[in-house]
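Here is the structure we will look at.
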Amino acid sequence: AQHCRADLEHPLASHLRFSASSDSLSENDGKLHAYEVYGLNIPSQMVVLTSCESGYGPLSRGEGVMSIARAFRSAGAQSVLCTAWEVDGRVALPLMKSFYNVLAANNSPSEALRTSTINFLKEAPPELVHPHYWGAFTFVGKDKLIHKNGNMLVAWTFSFMVAFMAFMAFMGILNAAK
């Protein structure tokens, strides 16, 4: 997912944006909407959504934040790492790389996020140490060790690719703005 768009008026219309199909007969619009995620069965220990605003949405009394991350939890994901606002690719990529390394060393997801954030801040350039840049990353759900199996490598690879695509999209936007 290169981008996430949170729809505050119609939370079920919030979506992750992928590449649309070039086939004019395809129903693939390149978007995975929250209402589509609710209909999926995702028996995953953890889903990582590093795209912008994946944990952002309106607060519904008695329900919580109505975000795309919530849709993944409802679809069966035991936990979700998401973002509360727009993220900078210069932060997302190193933070997620560190997150996966710390997680692989048998740490819980919340500890992996905490440690990777501290590691990032130790080496971050001064212009990226403000919480606006790194504070968007949040973890919701069951905070337990992730059991490694054959599918975890695929999940980690996919999540890293998502972060990389977000970074590349950010760089493309920067270059287009120049």
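The values are calculated or read from the model by the stated rules, or taken from the named source; none is laboratory data. Since this is a predicted model, take the numbers as computed values, not measurements. Don't worry about glycine lacking a Cβ; one is built from the backbone with ideal geometry, like all the others, and counts go over all protein chains shown. SASA here: full protein model, heavy atoms, side chains in, ligands and nucleic acids out. Shrake-Rupley method; radii C 1.70, N 1.55, O 1.52, S 1.80 Å.
Work through the residues other than residue 80 whose Cβ is under 15 Å from its Cβ and net out their charges, Lys, Arg +1 and Asp, Glu -1.
Values: positive: 70, 73, 142, 144; negative: 53, 143.
In short, +2.
Rolling a 1.4 Å probe over the protein chains gives residue 47 an accessible area of about 20 Å².
Normalised by the number of residues in region 73-134, what is the relative contact order in percent for Cα pairs under 8 Å and 6+ residues apart?
Values: 31 pairs, mean separation 21.7, N = 62.
Value for region 73-134: 35 percent.
When we measure straight from the Cα of residue 144, which aspartates and glutamates land under 16 angstrom away, once same-chain ones fewer than 8 places off are left out? In chain and number order, the partners are 111.
By the scheme Lys and Arg +1, Asp and Glu -1, what is the net charge of all other residues having a beta-carbon under 15 Å from that of residue 63? Present the calculation step by step, with values, prior to reporting the outcome.
On the way: positive: 61, 70, 73; negative: none.
Surrounding charge for residue 63 is +3.
A probe of 1.4 angstrom, applied to the heavy atoms of all protein chains, finds residue 121 with accessible area near 60 square angstrom.
When ranked by the protection proxy of mean other Cβ atoms within 10 Å per residue, highest first, what sequence do the peptides 105-111, 80-86 form? Present the calculation step by step, with values, prior to reporting the outcome.
Working: 105-111: 16.1, 80-86: 21.0.
For the peptides 105-111, 80-86, the packing ranking is 80-86, 105-111.
Calculated FRET efficiency, residue 9 to residue 128, Cβ-Cβ distance, R0 = 25 Å: about 0.20 to the nearest 0.05. Electrostatic tally near residue 31: other residues with Cβ closer than 15 Å to its Cβ, Lys and Arg +1, Asp and Glu -1, net -3.
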